Amino acid sequence: MFGIIFTFSMVIALSFFQGSGDASAKTSCQNHQFLNIVSLSGDHPADVCEASQKAIEFLARYDLHLKRPVTIELVETSINNRGYIAFGSYDRSQDKIRLMSYEAIMAGTAPQMYDQPFDMEHYHGAIAHEIAHAVFQHNTAGIEDQLTNATQEYLAHATQLGVLSPQRRRQIIEASEVGPWESGDSVSEIYMSLNPSGFAVKSYLHLSKLDNPQPFIAILLRNNWFYLSVP
């Protein structure tokens, strides 16, 4: 069982999900029946619900929806994956997102996202990223063992940028100095690992500029190769 994680230096990697003990508080997001928040320290989940709803609304534009309950577990300790300190991870086998609380992330040493200092807006983006992974899995064409997570990351990063404010998004796009994916380009985890901010920008710009995105969304959901060649 695999999940995608964020790290403080914005390195993306695969992680094995592990549970974290008994929950101390549970609640559901009022705006969505499928989102259940588990807080191990009693933190208020309003920000998680708000950010999740932003992601759900963004993905609904592409006819992508949650189809079953997802649990979001807030933890106060770092999520370690073979030496990487992670902000969050999604476990598709349990439909569970494990997410560091905002306070826990900010207690780290100069956390960053997309080469910017981490803040509450980026926390919303990180939550949206993980929600996008869940939505992708709920809509994928029955692929059990994907050879690559590049297509998931395309959608997750596009969603993450999509929920940011126009000003913040513009700052990230301008700083990246890249354009959208072009026909013949390879969307790959290799590019993502070398330039995660550029990968995010290229994915957002490509998706947002499609006149008819649904055929490409269908390609994303069916892809099971080591990379995706942009048509």
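Please report, to one decimal in angstroms, the Kirkwood hydrodynamic radius of the stretch 137-231 built from all distinct Cα-Cα pairs.
Values: mean 1/r = 0.0738 Å⁻¹.
Evaluated over the stretch 137-231, this radius sits at 13.6 Å.
Quick one: which residues, 5+ away or cross-chain, put their amide H under 5 Å from the amide H of PHE87? H built at 1.01 Å from N.
PHE6, THR7
Taking H as built 1.01 Å from N, whose amide H comes closer than 5 Å to the amide H of LEU35, not counting residues under 5 places away?
Long-range HN contacts for LEU35: CYS29, VAL70.
Can you compute 3J(HN,Hα) from phi for each residue in the stretch 110-116, using the Karplus curve 6.51 cos²θ - 1.76 cosθ + 1.60 with θ = phi - 60°, rounded to whole Hz and x for Gly and Pro?
6, x, 9, 9, 6, 6, 10
ASP47 to ASN195: FRET efficiency via 1/(1 + (r/R0)^6), r the Cβ-Cβ distance, R0 22 Å, to the nearest 0.05?
Details: r = 29 Å, r/R0 = 1.31.
Between ASP47 and ASN195 the formula returns 0.15.
Quick one: order LYS209, LYS54 from most to least accessible surface, probe 1.4 Å.
Working: LYS209 130, LYS54 70 Å².
In descending accessible area the options line up as LYS209, LYS54.
What is the extension gain from ASN212 to SER165, computed as 0.36 nm multiplied by their sequence separation minus the C-alpha to C-alpha distance, in nm to one decimal?
The span from ASN212 to SER165 would gain 14.5 nm if fully extended.
Apply the Karplus curve 6.51 cos²θ - 1.76 cosθ + 1.60, θ = phi - 60°, to the phi angles in the stretch 95-108 and return the couplings in whole Hz, x for Gly and Pro.
Here the 3J(HN,Hα) series is 6, 10, 9, 9, 9, 5, 5, 4, 4, 5, 5, 5, 6, x Hz.
For the stretch 50-62, what does the Karplus curve 6.51 cos²θ - 1.76 cosθ + 1.60, with θ = phi - 60°, yield as ³J(HN,Hα) per residue in whole Hz, taken in order and with x for Gly and Pro?
Computed from phi, the couplings for the stretch 50-62 are 4, 5, 4, 5, 4, 5, 4, 5, 4, 6, 5, 4, 10 Hz.
Report the gain in length on full extension from HIS138 to ALA60: 0.36 nm times residue separation, minus Cα-Cα distance, nm rounded to one decimal.
Details: separation 78, 0.36 × 78 = 28.08 nm, distance 1.29 nm.
My answer for the length gained is 26.8 nm.
Subtracting the Cα-Cα distance from 0.36 nm times the residue separation, let me have the gained length for MET120 to GLU174 in nm, one decimal. Spell out each step's value before the answer.
Details: separation 54, 0.36 × 54 = 19.44 nm, distance 2.09 nm.
Fully extending the segment from MET120 to GLU174 adds 17.3 nm.
At 7 Å along Cα-to-Cβ for each site, give me the label-to-label distance between GLN33 and SER186 in nm.
4.5 nm
Tell me which residues come under 5 Å, amide H to amide H, from MET113 once H is placed; ignore anything under 5 positions away on its chain.
Hits under the 5 Å cutoff: PHE118.
Which whole-number percent of Cα pairs in the stretch 57-151 have a distance greater than 18 Å? Display every interim value, and only then the final one.
Numbers: 2272 of 4465 pairs.
Beyond 18 Å sits 51 percent of the P(r) for the stretch 57-151.
The values are calculated or read from the model by the stated rules, or taken from the named source; none is laboratory data. A quick note: this is a predicted structure, and the numbers were derived from the prediction, not measured. Cβ sites come from the backbone with ideal geometry, for glycine too, and all protein chains shown count toward neighbours. All accessible areas refer to the heavy atoms of the entire protein, side chains included, with ligands and DNA or RNA removed. Shrake-Rupley method; radii C 1.70, N 1.55, O 1.52, S 1.80 Å.
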